[in-house]
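The values are calculated or read from the model by the stated rules, or taken from the named source; none is laboratory data. Remember, predicted model here, so these are calculated numbers, not experimental data. As a convention, Cβ positions derive from the backbone with ideal geometry for all residues, glycine included, and neighbour counts pool all protein chains shown.
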Amino acid sequence: MIIITKPNATEQQVDHIVERVTGWGLRCEVSRGESRVVIGVIGPEDLIREMPIAAIPGVESVTPVLKPYKLVSYEFRGMHSPVAIGGVSIGGPEVVVMSGPCSVESREQIVSIAKDVKAAGARILRGGAFKPRTSPYSFQGLGVEGLKLLAEAREVTGMPVITEIMDTKDIEAVEQYADCLQIGARNMQNFALLKEVGRSKLPVMLKRGLSATIKDLLMSAEYILSEGNFNVLLCERGIRTFETATRNTLDLNAIPVLKAETHLPVVVDPTHGIGLREHVAAMAAAAVAAGADALMVEVHNSPELAKSDGEQALLPDEFALLMNRVRAVAEAVGRGL
Ligand code: PEP
Ligand code: MN
């Protein structure tokens, strides 16, 4: 349910609405717009319907959210809500770029790549310590050792760190070293994991599943918010289609659709989306033109030796060129980088 206050409602009236509604055993999420305040009410629908919310002074309207996803819906906030990773805000006026290798492989590797991507303008460092590999015989990641190396790279560069969590049992370890939890495409509907990260204090980036619809993605995000964690970013990373010329098909359509459907920031991963190094920059530029709030781009200083995803990783110099291209597009659409 959504409460919209009158344009001239006072701060005291807003406080009173929140007090009254929480007194009924319901939870409130307050979003302040320029002229009105939107209060999202969370709790059992029948209890909400029974309460005389419309009678509270300062309330203009009380509307149910008819969509199956409630807390993630745009109406629930009535505005886009930026999410901070470390000190970096995503979903504000500036486009943010997250970058780093697919997997953390060694101290030298992660620190050197972190320095290179930072110099080119990346603001957040990515790197996998727990890797979801198609084959059980492929490199599975360095685990906790990889998390420690990511934290060292953060020490050196000052960049906050995002890394994937694959199993609920790893939550404490990942929380100890990372600034943002990544849920990978293959785990988008691992509901036990979604609930676990929903109880975390860290922001969560949820990647779209390989065969998931936009609605499936939003319903999965709803699991995280329903546990109390509203700091969620959605990531379009390409879906499976009949096309075989590219690794996946980056669904650019998802960007404007998600911006309209949800208040959550939208991240695009052109690297996994196309899977071909020479075309990553084109798709990064297209994503920013279509309204992406952030990009996630894989970079490696020696792609032919990479333990995962070498064929799609950019060299640091290529990444610097991508950044120039993306900066020009960001400026053209009225956003900085
Ligand atoms: C990754 O970011 O390295 C990754 C494994 O991504 P996805 O879950 O989108 O395949
Ligand atoms: Mn990868």
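Worth pointing out:
- Residue count, segment 264-296 (criterion: of a type in the set (Gly, Ala, Ser) and part of a helix (DSSP H, G or I)): 8
- Residues that are surrounded by fewer than 23 Cβ atoms within 10 Å (Cβ to Cβ), in contact with a strand residue (DSSP E or B) (Cβ under 8 Å, 6 or more places away or on another chain) and either without any contact (Cβ under 8 Å) to a residue 40 or more places away in the chain or among the β-branched types (Val, Ile, Thr) (or both), drawn from segment 172-187: GLU175, TYR177
- Segment 50-61 - residue that is more than 12 Å from VAL37 (Cα to Cα) and touching a residue at least 12 places away in the same chain (Cβ under 8 Å) and, of those, surrounded by the fewest Cβ atoms within 10 Å (Cβ to Cβ): PRO57
- Boolean, ASP46 is charged (D, E, K, R), over 27 Å from the mean Cα position of the chain (by Cα) and modelled with pLDDT under 95: yes
- Of the strands (runs of 3 or more DSSP E) lying entirely inside segment 1-73, those carrying at least 1 residues that are over 23 Å from LYS215 (Cβ atoms) and basic (Lys, Arg) are 27-32.
- Number of positions in segment 132-163 that are farther than 26 Å from SER89 by Cβ, among the β-branched types (Val, Ile, Thr) and either touching a Lys or Arg at 6+ places or on another chain (Cβ under 8 Å) or free of Cβ contacts under 8 Å to residues at least 24 places away in the same chain (or both): 1
- From the list SER103, SER112, the lone residue that is surrounded by fewer than 23 Cβ atoms within 10 Å (Cβ to Cβ), polar (S, T, N, Q) and either more than 15 Å from ligand 2 (Cβ to nearest atom) or touching a residue at least 60 places away in the same chain (Cβ under 8 Å) (or both) is SER112.
- No other residue among GLY33, GLY78 is at positive phi, within 25 Å of the chain's Cα centre (by Cα) and outside the structural domain of SER220 (by TED's automatic domain parsing) apart from GLY78.
Yes or no, residue by residue, for (1) acidic (Asp, Glu); (2) within 12 Å of ligand 1 (Cβ to nearest atom); (3) farther than 20 Å from GLY92 by Cα:
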residue: VAL257; (1), (2), (3): no, no, no
residue: LEU276; (1), (2), (3): no, no, yes
residue: ALA286; (1), (2), (3): no, no, no
residue: ALA294; (1), (2), (3): no, no, no
residue: GLN312; (1), (2), (3): no, yes, yes
residue: LEU315; (1), (2), (3): no, no, yes
residue: ALA320; (1), (2), (3): no, no, yes
residue: VAL326; (1), (2), (3): no, no, no
residue: ARG335; (1), (2), (3): no, no, no
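- Residue count for segment 55-72, restricted to those that are within 10 Å of ILE2 (Cα to Cα), under 27 Å from the mean Cα position of the chain (by Cα) and β-branched (Val, Ile, Thr): 1
So that you can scan it fast, the table gives a plain yes or no per residue for (1) within 16 Å of ligand 2 (Cβ to nearest atom); (2) over 16 Å from the mean Cα position of the chain (by Cα); (3) at pLDDT 95 or above; (4) within 25 Å of VAL30 (Cα to Cα):
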{"position": "LEU194", "(1), (2), (3), (4)": "no, no, yes, yes"}
{"position": "LEU202", "(1), (2), (3), (4)": "no, no, yes, yes"}
{"position": "MET205", "(1), (2), (3), (4)": "yes, no, yes, yes"}
{"position": "ALA282", "(1), (2), (3), (4)": "no, yes, yes, no"}
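- Any hit, segment 127-144, residues being in the same structural domain as GLY275 (by TED's automatic domain parsing) and within 16 Å of VAL299 (Cβ to Cβ): yes
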